[in-house]
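Written out below as C-alpha cells is the structure these notes cover.
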Amino acid sequence: MKRHFLYPLLFIVLVLFSCKKNKEENKGPELGTCKPVPAKGSLSQASAAAPFVYKTADGWTITINLKNTIKIQHDTYPHYNLELWGIVSSGDLSGNHENLNGKHIKDRLTNKRSFILPGGTKITMHVKDLSYAVLTSVSIYDGAESHHINATCHTIEYSGTDATIAQQLDSRQADGETAAIEISDNGLLFVNIYNEDSPGNKITERVLLGELFKNNPTKVNDYFDDPRLSHT
C-alpha cells in the first residue's frame, strides 16, 4: 500500500519540477545586468576595448564602436555603407545621425531604431528617452543567432546560436522606426518600412530615404527632407 501511495506522489513532484524548469527556460536570458559573456557565432571582439564586429553570411559587416560610430558595410561593394554617428557629452555614442555613403540623410526619429539587411539580419538600437540620448543597447538578430550588447557598460550580455532564445528576445523587443537596406538592379535603396512602438504592433509605411548607384559609386540621392536639418 505504501509503495502504491508513493508512485502518484513521485509523479506530482516530477511534473512540478518539469513545469518549473520549463518556466525558467522560457524566461530567456536576463538582460540589463552588465554581466559579460563571451562572443559566440558570427560576433567577435578582439579585446575588451575593441569594437564589436558581426559578419553575415552574405557579405555584410557590422562594426559597433560605442565611442565613435556604428558602420554597416558590404565586403564586395565598399561604397555600400551606412554610418550611425553622434556623441553625447559623456563621450558615448548616441548614433542618432544616419549617413549613407557619407551623405547625412536624416536623424533618428524615436528612441528605437532598427535596420534590416537584405539577408534578413536585423540590428536594433534603443536609447533611454529622447532620440538624441546615449544608446542603451544594440541587438543583432540573424536566424538562430542573437546578440545583445549593453551600451551603457559596453558589455555583451547575451551571445548565442539558440533559435528559441533568438525568437524570444526578438519578440519581446520593439523594433521602433525600422528601415530596410535593399539591393536593386541599379544599386542600393535605403527605405523605412514600418514602425513598431511596442512589441508585435507594427504600422507599415514605406518611405524612401536614399539611394546608391552601382555605375556611379560617389552619387548619393537623398529623398528625405528632415525638417530638423537644413542640409537634408
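The values are calculated or read from the model by the stated rules, or taken from the named source; none is laboratory data. For clarity, every value in this text was computed on a predicted model and none was experimentally measured. Note that each Cβ is placed from the backbone with ideal geometry, even for glycine, and that neighbours are counted across all protein chains shown. Side chains are part of the model used for accessible areas, which takes the heavy atoms of the whole protein and leaves out ligands, DNA and RNA. Shrake-Rupley method; radii C 1.70, N 1.55, O 1.52, S 1.80 Å.
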**OP:** Would you mind finding the longest exposed-site-free stretch of the chain, with exposed trypsin sites (Lys or Arg not before Pro) meaning DSSP loop and at most 16 other Cβ atoms within 10 Å?
**Re:** 68-127
**OP:** Return the percentage of antiparallel bridges among DSSP beta bridges fully within the range 88-219, rounded to the nearest 5 %.
**Re:** 90 percent
Subject >> Which label in [x] -0.31, -0.81; [y] -0.36, -0.87; [z] -0.34, -0.78 gives the computed log10 I(q)/I(0) by the Debye sum over Cα atoms at q = 0.08, 0.13 Å⁻¹ >> reply: [z]
Original post:
Does the range 78-206 come out rounded, prolate or oblate, given a ≥ b ≥ c as the square roots of the eigenvalues of its C-alpha gyration tensor, rounded meaning a/c under 1.5 and, failing that, prolate meaning a/b above b/c?
Top reply: rounded
**OP:** Provide the per residue accessible area, probe 1.4 Å, for the chain, rounded to a whole number of square angstrom.
**Re:** 53 Å²
Original post:
Pairs K40/K103; K67/K112; K103/K214; K35/K71; K112/K202: which are spaced more than 22 Å apart, C-alpha to C-alpha?
Top reply: K40/K103; K35/K71
Original post:
Using the Cβ atoms and a cut-off under 10 Å, what net charge is assigned to the surroundings of H79, where Lys and Arg are +1 and Asp and Glu are -1?
Top reply: +2
**OP:** Could you rank T164, T121, T232 by how accessible they are, 1.4 Å probe, largest area first?
**Re:** T164, T232, T121
**OP:** Could you let me know the centre-to-centre spacing of the range 32-54 and the range 89-144, using Cα atoms, in angstrom?
**Re:** 18 Å
Subject >> Summed side-chain charge close to A57 - residues other than A57 whose Cβ falls under 14 Å, Lys, Arg +1, Asp, Glu -1 >> reply: -3
